[in-house]
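Below you'll find the structure, written out as structure tokens, and then a few comments.
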Amino acid sequence: MDALVIRNPELLADALRGLSQPRKFMEPKWFYDTEGSALFERITDLPEYYPTRTETAILTAAADRLAAHVPEGAELVELGSGASVKTRLLLDRLDGLSAYVPVDISAAFLKETARRLSQSYPALPIRPVVADFTRPLRLEDAGHSRVGFFPGSTLGNLDPAGARALLQGVRDWPGVRAFIVGIDLIKDEETLVRAYDDSAGVTAAFNLNLLHRMNREIGADFDTDRFAHRAIWNAGKARIEMHLESLADQSVRIGPRDIRFAKGETIHTENSHKFSEESFSTQAEQSGWTLAEFLTDADRLFGVAVLEPS
Ligand SMILES: C[S@@+](CC[C@H](N)C(=O)[O-])C[C@H]1O[C@@H](n2cnc3c(N)ncnc32)[C@H](O)[C@@H]1O
């Protein structure tokens, strides 16, 4: 028998914890290894995935207005920056930034993104930070102002308490002057479910990559053909839930343990909370912010909020 290779002890600890619960779950941050980040970029181009093109259109139309919230000499700090595609819409209008700080958990993808950005913006200092944004981000008090940027409705992946904690954490950054946040809005169930269960199966591949990743990094032996992607609208909690459903009674080796899955049982892999302008504004106010602007598209599919310290 081959020796068990554990390349990622933190992932192993989280998998053993989440998959031992009566309702099995994994934190969505584990989607994002290099394969997961690349799959997410493919999702953003899907016809069913309205959030990216809608948010991009809002940011394009309002770029000058948003740039006015960024003081001369400020540092722009982006959480969950991914490929930093939307960021370019702001960077193109901001000559006087002291630095751009993309923060992401997907280390290799972040490094490559930062390399490409520095080719496009040679005069701009780019300081990538590999970090988990659900933990406090330590930013030094360097005397300049800061503006946070958090597009992609990634805030919606946190539960309401986690979202408030993140909003409070950014409120406490030294020199913070504004926080620009993209949020997906509540809409009809069919549009929502299609956005997370596309006909080409890219979101299914993104979800299943979590099992491949556990096979690669913690020596798990998931048979990925025996799990299926599910996207469900939970109206009571205003969220799309992604699950991986076991298609059989089966047992999977995770590190030192065997974990049993009953047929039909799921691993809850992600929540994407949806907001109204009011529900988001209330959450922001409870976290020390005032809603200064709320920009949306004609169909009110997506919103870009500008928060200022209250
Ligand atoms: C939904 S994607 C959004 C990407 C990009 N901002 C956009 O708008 O298209 C989420 C991004 O956040 C990153 N991410 C997810 N969870 C994270 C965490 N806990 N800490 C840091 N980055 C995280 C992922 O690697 C990914 O780049």
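The values are calculated or read from the model by the stated rules, or taken from the named source; none is laboratory data. Since we're looking at a predicted model, the values are computed, not measured. Neighbour counts are summed over all protein chains in view; Cβ atoms, including those assigned to glycine, are modelled from backbone coordinates with ideal geometry.
Examine segment 110-132 for a residue that is part of a loop (DSSP other than H, G, I, E, B), closer than 30 Å to His243 by Cβ and near the ligand (Cβ under 9 Å from one of its atoms), and state whether such a residue exists. Taking every residue of segment 110-132 in turn, at least one turns out to be part of a loop (DSSP other than H, G, I, E, B), closer than 30 Å to His243 by Cβ and near the ligand (Cβ under 9 Å from one of its atoms). Restricting attention to segment 133-153, and to residues there that are closer than 16 Å to Ala74 by Cα and either among the basic types (Lys, Arg) or surrounded by fewer than 21 Cβ atoms within 10 Å (Cβ to Cβ) (or both), which single residue is nearest to the ligand (Cβ to nearest atom)? Checking each candidate, the answer is Leu139.
Only one of the numbered conditions (1) assigned by TED's automatic domain parsing to the domain that holds Gly201; (2) of a type in the set (Gly, Ala, Ser); (3) surrounded by 21 or more Cβ atoms within 10 Å (Cβ to Cβ) is violated by Ala38, and that is (3).
Test of understanding: among Leu301, Leu208, which residue is in contact with a helix residue (DSSP H, G or I) (Cβ under 8 Å, 6 or more places away or on another chain) and more than 30 Å from Pro71 (Cα to Cα)?
Leu208
For Asp184, state whether it is in contact (Cβ under 8 Å) with a residue 12 or more places away in the chain, in a strand (DSSP E or B) and in contact with a Ser or Thr (Cβ under 9 Å, 6 or more places away or on another chain). Yes. Of the helices (runs of 4 or more DSSP H) contained entirely in segment 1-79, those carrying at least 3 residues that are within 12 Å of the ligand (Cβ to nearest atom) fall at 34-43, 50-61. Mind listing whichever residues of segment 187-216 are in a helix (DSSP H, G or I) and of a type in the set (A, V, I, L, M, F, W, C)? Selection gives Leu192, Val193, Ala195, Val202, Ala204, Ala205, Phe206, Leu208, Leu210, Leu211, Met214.
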